[in-house]
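A.B. asks: Starting off with a structure, shown below.
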Amino acid sequence: MDSWDRFVFTFFNAQVMATYLPRIVEGFFLTVQLALLIVISGLALGLLLAVVRSFGIRPLNWLIIFLVDLFRALPPLVIIVLIYFGLPSLGAAPSGFVSTWISLTLVLAAFAEEIVWGGILAVPKGQWEAARSTGLGFATTLTHVVLPQALRLSIPPLTNRTIAITKGTALGSVVAVAEILSVASGAVGFSSNPSPLTLGAIAYLILFVPVVAFGRWVETRFAWKR
Amino acid sequence: MIRRRTRVAAEPVMTGPAPIVAAPIVAASGIHKHFGALHVLKGVDLAVAERELVFVIGPSGSGKSTLLRCCNRLETPSSGRIIVDGIDLLDRHTDINAVRRRIGMVFQQFNLYPHMTARGNVTLALRKVLGKGRAEADEIADAALARVGLAEKANAYPLELSGGQQQRVAIARAIALEPRVMLFDEPTSALDPELVGGVLAVMRSLREAGMTMVVVSHEMGFARAAADRVVFMDHGLVVEEGPPAQIFGAPEQERTRAFLRQLDH
């Protein structure tokens, strides 16, 4: 067996791949589910927090800033483990899936809040003044004039952050979530062959390349007409 | 068509500069404004009568823009009193949004909403403030755009328009709400010289239609030709005011003369 054959046998072992493909596919769909939940709830929560923050209610803003800094500072894995192993002692016992979902949602929301807030601040003061001078109220100005511009500015960093954090679904493997990495590394153990990891990598590509492409499409779609 | 309130039509038709009659539309008195340690306005009075065009001139930092911005409470004066169309702007019971729709404002940087077409810029307040339906708002917006000579640009986005066109859309956005008074904050200062004329022409036509206007600007030629009254401000105070012929021809105050001399160079 020369080295090429050994390489193929190790990483592209067709027999091993065929055996574990169905489980990787299951892991793939679970990951898709988890990722969708995280993206939707994380971005929605982040947007909501940024909007609430723009109303400038002091104590509320301190709380938001504290939470946002907290969840940006903590490694996501620490949050997952804290929720999964810590909450049961408080009477709640979330599954690994729910723990991962909640944790990554909080992390994504924290980053999304900062990004959208930055976008809101980046909209020139003149936009507020023009809208307010026509008699529009604060909330209408925010929703119709400022947020549409802030979100456009936010899309590139938001896309990057969303992809980075959604890939954190792999951390669910630590708390027994049967997502792609967890299934793949389990299969590596059973088969004593790393080929399932290759399958896992392919599954991640299939999942995230479209997300990256979608992000790019959104960027062009919402760019201002020039 | 955009029409001014009928009250105007009932008055005798005036030719030339309007005499100051009845209660002024804008009555600011004893206005002080501090920005931290900076005392920008030091007790300014300004009264603007219906159909009057008042020009406010002065060196930069004299407080003229701040005074204008106090007239729709974009800046809140530290003290003083501002009555616009009979409503006390500084009374905390005043619904400021309701008053602002009667006060049009045009900014130096146009401040058009870049994500909306020219028509969208004009209709936003018509729909969200006056509660008009889409069709009616579009109709009013198109009429306002026609009035500033941009009927064919209704579907253009601000970035597709020249600075002069953007400023005219901004004027359309303000007049579509049928304000009682229009405030212009250096409307031509950000424009290339060849684009100034179009904006001034629109302002002149507004003036001919009887719009009450307060203009902060360095367009002295326009002031000379169109203003009823020129107010010269320096260091947060009104130094001198009077008809343009007097201010430009025979100013009484040395500071006014010095300022006008500088402009000639």
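The values are calculated or read from the model by the stated rules, or taken from the named source; none is laboratory data. Everything numeric in this text was worked out from a predicted model, so none of it was measured. Reconstructed Cβ throughout: ideal geometry from the backbone, glycine too, with neighbour counts over all protein chains shown. Ligands, DNA and RNA are excluded from the accessible area calculation, which covers all protein heavy atoms including side chains. Shrake-Rupley method; radii C 1.70, N 1.55, O 1.52, S 1.80 Å.
A.B. asks: Report those helices (runs of 4 or more DSSP H) wholly inside the stretch B:155-265 carrying at least 1 residues which are open to solvent by 10 Å² or more (accessible area, probe 1.4 Å) and hydrophobic (A, V, I, L, M, F, W, C).
C.D. replies: B:193-208, B:220-226, B:254-264
A.B. asks: Within the stretch B:65-98, how many residues are in a helix (DSSP H, G or I) and open to solvent by 10 Å² or more (accessible area, probe 1.4 Å)?
C.D. replies: The initial filter retains those residues of the stretch B:65-98 that are in a helix (DSSP H, G or I), namely B:65-70, B:96-98.
Applying the additional criterion that residues be open to solvent by 10 Å² or more (accessible area, probe 1.4 Å) yields B:65-66, B:69, B:96-98.
Number of matching residues: 6.
A.B. asks: Something else about it: When you go through A:34, A:77, A:49 one by one, which is the residue that is in contact with a Ser or Thr (Cβ under 9 Å, 6 or more places away or on another chain), of a type outside the set (Asp, Glu), in contact (Cβ under 8 Å) with a residue 12 or more places away in the chain and open to solvent by less than 60 Å² (accessible area, probe 1.4 Å)?
C.D. replies: A:34
A.B. asks: Out of the stretch B:11-34, which residues are open to solvent by 90 Å² or more (accessible area, probe 1.4 Å) and either over 16 Å from residue B:241 (Cβ atoms) or modelled with pLDDT of 95 or more (or both)?
C.D. replies: Across the stretch B:11-34, the qualifying residues are B:12, B:13, B:15, B:22.
A.B. asks: Still on this structure, please answer the following. Check B:181, B:231, B:196 and return the single one that is β-branched (Val, Ile, Thr) and within 19 Å of residue B:63 (Cα to Cα).
C.D. replies: Details: B:181 fails: within 19 Å of residue B:63 (Cα to Cα); B:196 fails: within 19 Å of residue B:63 (Cα to Cα).
Answer to the check: B:231.
A.B. asks: Within the stretch B:99-110, which residues are part of a loop (DSSP other than H, G, I, E, B), surrounded by 20 or more Cβ atoms within 10 Å (Cβ to Cβ) and more than 7 Å from chain A (Cβ to nearest Cβ)?
C.D. replies: Passing the criteria: only B:110.
A.B. asks: Before we move on, is residue A:132 among the basic types (Lys, Arg), under 27 Å from residue A:98 (Cβ atoms), crowded, with 16+ Cβ neighbours inside 10 Å and touching a helix residue (DSSP H, G or I) at 6+ places or on another chain (Cβ under 7 Å)?
C.D. replies: So residue A:132 fails the test.
A.B. asks: Next question. Only one residue in B:51, B:81 is away from chain A (no Cβ under 14 Å), in contact (Cβ under 8 Å) with a residue 12 or more places away in the chain, among the basic types (Lys, Arg) and farther than 21 Å from residue B:177 by Cα, so which one is that?
C.D. replies: The match here is B:81.
A.B. asks: Another one. Spot the failing condition for residue A:146; the list is (1) within 14 Å of chain B (Cβ to nearest Cβ); (2) within 30 Å of residue A:99 (Cβ to Cβ), and only one is missed.
C.D. replies: (2)
A.B. asks: Then there's this: Please tell me if residue B:146 is open to solvent by 20 Å² or more (accessible area, probe 1.4 Å), assigned to a helix (DSSP H, G or I) and either among the small types (Gly, Ala, Ser) or more than 14 Å from chain A (Cβ to nearest Cβ) (or both).
C.D. replies: Taking the combined requirement at face value, the residue satisfies it.
A.B. asks: Go through the stretch A:187-226 and give me each residue that's within 14 Å of chain B (Cβ to nearest Cβ) and surrounded by 11 or more Cβ atoms within 10 Å (Cβ to Cβ).
C.D. replies: Once the filter is applied, which keeps residues that are within 14 Å of chain B (Cβ to nearest Cβ) and surrounded by 11 or more Cβ atoms within 10 Å (Cβ to Cβ), the stretch A:187-226 yields A:222, A:224, A:225.
A.B. asks: Could you list, in sequence order, all residues of the stretch B:111-137 that are more than 8 Å from chain A (Cβ to nearest Cβ) and on the phi > 0 side of the Ramachandran plot?
C.D. replies: Correct list: B:131 only.
A.B. asks: When only residues in the stretch A:80-118 that are open to solvent by 40 Å² or more (accessible area, probe 1.4 Å) and in a loop (DSSP other than H, G, I, E, B) count, which is nearest to residue A:163 (Cα to Cα)?
C.D. replies: Looking at the filtered set, the residue picked out is A:95.
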